[in-house]
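To start, the structure under review is shown below, and the notes come after it.
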Amino acid sequence: MGDVVSNESLANLLKEERRFAPPADLAANANVTAEAYEQAKADRLGFWAEQARRLTWSTEPTETLDWSNPPFAKWFADGKLNVAYNCVDRHVEAGHGDRVAIHFEGEPGDSRAITYAELKDEVSRAANALTELGVRQGDRVAVYLPMIPEAVVSMLACARIGAAHSVVFGGFSADAIATRVKDADAKVVITSDGGYRRGKPAALKPAVDDAVSREGSSVEHVLVVRRTGQDVAWTEGRDVWWHELTGRQSAEHTPEAFDAENPLFILYTSGTTGKPKGILHTSGGYLTQAAYTHHAVFDLKPETDVYWCTADIGWVTGHSYITYGPLANGATQVMYEGTPDTPHQGRFWEIVQKYGVTILYTAPTAIRTFMKWGDDIPAKFDLSSLRVLGSVGEPINPEAWMWYRKNIGADKCPIVDTWWQTETGAMMISPLPGVTETKPGSAQRALPGIAATVVDDEAREVPDGGGGYLVLTEPWPSMLRTIWGDDQRFLDTYWSRFEGKYFAGDGAKKDEDGDIWLLGRVDDVMLVSGHNISTTEVESALVSHPSVAEAAVVGAADETTGQAIVAFVILRGTANADDEGLVADLRNHVGTTLGPIAKPKRILPVAELPKTRSGKIMRRLLRDVAENRELGDVTTLTDSSVMDLIQTKLPAAA
Ligand code: 6R9
């Protein structure tokens with residue numbers, strides 16, 4: 001599967017005719033206009049060299065890109081900078097020390113505003129603390145924390161001393177921590193006693209204790225933030241309280257300049273098989289693109305905007321669009337610890353209202369959940385401060401897009417559907433809010449300075465209207481530099497499918513205007529009676545039915561058709577799961593929307609779908625269920641009990 005995405009089949013099942021022009025006032029005052037595309041096209045490297053000047057360099061780079069040993073890129077290689085200085089100190093020096101950097105909202109309702117001046121002190125103390133623990137430039141530090149300001153402070157403290165961080169999702173198990181800590185050879189782990197999740201304190205330190213007590217662990221110290229006050233086991237000599245250690249440090253710390261290619265972080269992506277890949281990002285190029293895209297795609301005005309990205313810090317979205325992009329740009333942002341339904345289903349909208357959020361960045365999975373909860377919930381809050389809405393993580397179904405625009409964006413806010421990956425480091429394909437006439441469900445076109453296209457099996461660029469594989473055809477500043485410790489796997493995974501092009505692993509099509517529509521991972525594409533059908537399109541067709549809140553579609557082995565389409569659906573409030581007529585109705589609805597070939601063979605109503613912590617549906621687990629196989633690796637699931645529930649739905653070999 002996956003290497004057979006042909007032109008005529010994948011493309012153009014779904015017709016979407018709706019168009020939304022940018023609001024006139026936004027367009028008139030936009031940070032970035034259509035000219036940027038022209039400028040970058042005329043001189044791509046010159047364009048990025050200019051964007052690099054958004055940063056403050058101790059030594060200005062004279063060389064933009066060194067591509068002498070592709071695909072191992074060096075950007076701004078002879079430049080030197082300190083990433084934390086760029087995210088914090090320089091804003092204080094520019095007179096913005098009193099500006100709030102982070103409005104922290106804890107799940108239990110505690111809140112804290114941290115100004116740039118305070119952030120500078122905290123990051124400096126933490127940098128001094130890590131230095132006291134023996135961390136040096138080039139070392140690795142693992143971070144296993146809830147969504148609290150110390151997560152951002154920890155990342156910046158590492159950056160400040162030139163050490164690379166490796167953030168591990170607070171929801172992952174001891175096994176996941178152990179393999180990641182070992183692979184990165186981390187010296188220190190920063191964790192907390194626990195965090196608040198669904199109204200209760202949830203312990204974190206026991207998983208770290210378990211992971212670092214294993215044989216051969218490289219970890220010398222565990223630095224523990226006190227968040228919940230719950231009891232923790234303590235290993236003398238190894239464990240250190242954050243508040244004690246940072247409390248006795250000086251708030252002065254002179255940031256040292258490091259090479260642009262100094263490693264900034266490693267972030268592990270699970271992938272579908274094999275051991276997690278440690279994606280390596282470096283400093284100057286990464287920060288340039290994170291800052292530029294945050295400025296351009298959200299039209300950020302640091303003096304007036306209140307920005308909120310709802311991602312977890314353990315996901316790349318949290319790295320680039322909570323920590324690095326917004327802080328490099330001097331933004332004021334909201335950081336929320338908990339879940340969207342604690343203590344009630346209007347919590348997100350209450351937060352938007354409380355802080356006057358102007359830019360909201362969230363994921364399709366969250367939007368579909370809000371749709372399921374009902375329009376009346378956001379309607380109770382004042383959301384009039386919002387002016388730009390973002391989406392990331394999965395293709396956004398046109399129905400969810402329309403709901404987001406209408407119910408959250410008052411039918412006026414532009415939606416920027418941003419396609420990118422852990423590997424790309426920053427946004428690559430997205431509308432620009434003051435420029436693009438948006439189309440529900442399309443990420444549209446490569447950002448200025450980025451080269452993306454869609455190719456067929458033979459690496460030929462498909463014409464407008466065609467479908468195939470998404471590839472990136474020119475290096476970009478925030479590209480991954482390698483897979484930590486495994487250059488060969490880096491080459492094999494991304495650079496060997498199509499010569500000289502980066503293979504993203506996503507299916508995509510181009511519409512008649514040349515705009516790009518993402519169709520999901522190529523591993524998920526189904527082959528039914530010789531036709532490639534994208535899971536995304538069948539799911540979008542199902543979600544466009546008034547009874548369906550969410551859908552996950554997989555291809556299961558089938559004797560006659562090769563694969564048969566099996567759909568798992570979550571119904572909206574009033575729909576009845578035992579209603580035979582409804583299932584027939586849904587099947588016909590897909591038939592009329594996409595064509596008879598796309599009709600699911602089976603439709604199974606379920607209560608929940610298996611998802612990763614970043615909200616992506618784990619289709620391979622559903623495929624295991626649909627094919628009556630034992631489940632594969634479930635360690636990156638948010639909630640593994642979901643699979644038990646789904647399996648009981650499925651009588652063997654139905
Ligand atoms: C940022 C992030 C990357 C994969 C990517 C694609 C999917 C992300 C998307 C999208 C369609 C979008 N993806 N954004 N698909 N439209 N706007 O999610 O990184 O966790 O590494 O996932 O997510 O399949 O290849 P990561």
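The values are calculated or read from the model by the stated rules, or taken from the named source; none is laboratory data. Note that the structure is a prediction, hence the values are computed from the model and not measured. A quick note on method: Cβ atoms are made from the backbone with ideal geometry, for glycine too, and the neighbour counts reach across all protein chains shown. Calculation scope for accessible area: heavy atoms of the full protein, side chains included, ligands and nucleic acids excluded. Shrake-Rupley method; radii C 1.70, N 1.55, O 1.52, S 1.80 Å.
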Subject >> region 33-88 - percent relative contact order, Cα under 8 Å, separation 6 or more >> reply: 28
Subject >> Descending semi-axes in whole angstrom, ellipsoid equivalent of region 361-463, from the Cα gyration tensor >> reply: 29, 14, 12
**OP:** Compute the normalised compactness of the chain: alpha-carbon radius of gyration over 2.2 N^0.38 Å, N being the residue count.
**Re:** 0.92
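Give the peptides 462-471, 494-503 in descending order of average Cβ contacts within 10 Å, highest first.
Ranked from most to least packed, the peptides come out as 462-471, 494-503.
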**OP:** On a 0 to 90° scale, report how tilted helix 116-132 is relative to the longest principal axis of the chain, with both axes built from alpha carbons and the result rounded to the nearest 10.
**Re:** 70
**OP:** Report, by chain and number, residues whose modeled amide H sits under 5 Å from the one on Asp558, excluding near sequence neighbours (fewer than 5 apart, same chain).
**Re:** Gln563, Ala564
Subject >> Largest-first principal axis extents of the Cα set of region 275-391 (Å) >> reply: 45, 42, 20
**OP:** For region 53-125, build the convex hull from the C-alpha positions and give me its volume per residue in Å³.
**Re:** 135
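Could you state the accessible area per residue of region 220-305 in Å², with a 1.4 Å probe and every protein chain left in place?
On a per-residue basis, region 220-305 sits at 39 Å².
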**OP:** State whether region 92-171 is rounded, prolate or oblate according to the following rule on the C-alpha gyration tensor (a ≥ b ≥ c being the square roots of its eigenvalues): a/c under 1.5 gives rounded; otherwise a/b larger than b/c gives prolate, and the remaining case gives oblate.
**Re:** oblate
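When the convex hull of the Cα atoms of region 289-334 is projected onto a plane and the area is averaged over all directions, what value comes out in nm²?
2.7
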Original post:
From the square roots a ≥ b ≥ c of the eigenvalues of the alpha-carbon gyration tensor of region 164-258, which class results: rounded (a/c under 1.5), prolate (a/b over b/c), or oblate?
Top reply: oblate
Original post:
Using the eigenvalues of the Cα gyration tensor, what equivalent ellipsoid semi-axes result for region 562-654 when each is taken as the square root of five times the eigenvalue, whole Å, largest first?
Top reply: 23, 15, 13
Original post:
On a 0 to 90 degree scale, rounded to 10, what angle separates helix 149-161 from the longest Cα axis of the chain?
Top reply: 60
Original post:
What shape does region 240-298 have by the C-alpha gyration tensor, where a ≥ b ≥ c are the square roots of the eigenvalues, rounded means a/c under 1.5, and otherwise prolate means a/b greater than b/c and oblate the rest?
Top reply: oblate
Subject >> Translational D in µm²/s for region 506-642 (Stokes-Einstein at 4 °C, 1.567 mPa s, Kirkwood Rh from C-alpha pairs) >> reply: 84
Original post:
Helix 174-184: angle to the longest alpha-carbon principal axis of the chain, degrees 0 to 90, nearest 10?
Top reply: 60
Subject >> Accessible area (Å², 1.4 Å probe, nearest 10) - Ser320 >> reply: 0
Original post:
What's the local net charge at Ala233, with K and R +1, D and E -1, over the other residues with C-beta under 13 Å away?
Top reply: -4
**OP:** Apply the Karplus parameterisation 6.51 cos²θ - 1.76 cosθ + 1.60, with θ equal to phi minus 60°, to every residue of region 326-338 and state each ³J(HN,Hα) to the nearest whole Hz, in sequence, with x for glycine and proline.
**Re:** x, 6, 4, 8, x, 6, 9, 9, 9, 10, 10, 6, x
Original post:
Mean shadow of region 71-204, computed from the convex hull of its alpha carbons, in nm²?
Top reply: 10.1
Original post:
At a 1.4 Å probe, what is the % contribution of carbon and sulfur to the accessible area of region 410-482?
Top reply: 41
**OP:** Quick one: compute the contact order of region 455-612, relative version, from alpha carbon pairs under 8 angstrom and 6+ residues apart, as a percent.
**Re:** 16
Subject >> For region 566-584 and region 279-321, distance of Cα centres in Å >> reply: 39
